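Let me begin by presenting the structure, written as structure tokens, before commenting on it.
The values are calculated or read from the model by the stated rules, or taken from the named source; none is laboratory data. Not measured: the values here are computed from a predicted model. All Cβ positions, even for glycine, are placed from backbone atoms using ideal geometry, and neighbour counts span all protein chains on display. Keep in mind that these areas ignore ligands, DNA and RNA; they rest on the heavy atoms of the full protein, side chains included. Shrake-Rupley method; radii C 1.70, N 1.55, O 1.52, S 1.80 Å.
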Amino acid sequence: MTSTVPALGTRTAEGSALQAVLLDMDGTLVDTEGFWWDVETEVFASLGHTLDDSWRHVVVGGPMTRSAGFLIEATGADITLAELSVLLNDGFEQRIGRDLPLMPGAARLLAELSAHEIPTALVSASHRRIIDRVLKSLGPQHFALTVAGDEVPRTKPHPDPYLAAAAGLGVDPVRCAVVEDTATGVAAAEAAGCHVVAVPSVAPITPAARRTVVASLEEVDLTFLRGLMTQMR
């Protein structure tokens, strides 16, 4: 996407400026939401259980404690949450070691944000061990800060991860644009007071105040993100 970008710090008519961009990881920058479900299906099959495909919408986008806990309860599997978390993380690491496709538009958007020196953070419900592996493909140089789901007291859908990212960057959450792909992530960003761009991956997301829904990251560039700041209500 070609964009004509105002100089860094240019303000809108309301006198507000975009201070930072906070990006989700799975399903937003990397095409991995399906990987998680595949790993969950394989792990539970090894335990003698078949996952109902309708459960995918329940577990997508949430912290592992919630998704793994739900699947244990739903299947009655004889495994602890801690044991299951290790199996899921191990399986996911193996999967992304073989293939890690980026979402369309992700590489271009990251390059544009870096070129304009926009403070950018990666904010994920995934654990630190997973984020560090994925960063090798995304390029750690694109992020001033990363926040993992196992590094905050409460992860998505609570606002804590996005509040931590804004605080770490020294910016106002209200002046941040967040890009998310799930209702869980959108809820976390909105609870933190951020403007949200939703790029649905598995389940539909409806537009709302301070929430813009697009079909792909290819629709999102810096001019678009700065324009969100004019929609304050």
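Quick look at the values:
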quantity: Enumerated helices (runs of 4 or more DSSP H) restricted to region 34-102, each holding at least 3 residues that are farther than 20 Å from Ala148 by Cα; calculated: 56-59, 64-75
quantity: Residue match in region 206-224 (condition: in a helix (DSSP H, G or I) and crowded, with 23+ Cβ neighbours inside 10 Å); calculated: yes
quantity: Whichever residue in region 75-109 is among the basic types (Lys, Arg) and at pLDDT below 95 and, among such residues, is least open to solvent (accessible area, probe 1.4 Å); calculated: Arg95
quantity: Lone unmet requirement of (1) open to solvent by 40 Å² or more (accessible area, probe 1.4 Å); (2) part of a helix (DSSP H, G or I); (3) over 28 Å from Asp172 (Cα atoms); (4) polar (S, T, N, Q) for Ser114; calculated: (3)
quantity: Every pair of residues 6+ apart whose Cβ atoms lie under 9 Å, when the first sits in region 80-106 and is closer than 22 Å to Leu217 by Cβ and among the small types (Gly, Ala, Ser) while the second is assigned to a helix (DSSP H, G or I) and open to solvent by 40 Å² or more (accessible area, probe 1.4 Å); calculated: Gly105/Glu218; Gly105/Glu219
quantity: Qualifying positions in region 152-184 - modelled with pLDDT of 95 or more, charged (D, E, K, R) and farther than 20 Å from Val220 by Cβ; calculated: Asp160, Asp172
quantity: Test: residue in region 165-178 that is hydrophobic (A, V, I, L, M, F, W, C), out of contact with any strand residue (DSSP E or B) (no Cβ under 8 Å at 6 or more places or on another chain), closer than 28 Å to Arg66 by Cα and not in a helix (DSSP H, G or I); calculated: no
quantity: Val171 open to solvent by less than 10 Å² (accessible area, probe 1.4 Å) and either of a type outside the set (Asp, Glu) or in the same structural domain as Ala203 (by the TED database) (or both); calculated: no
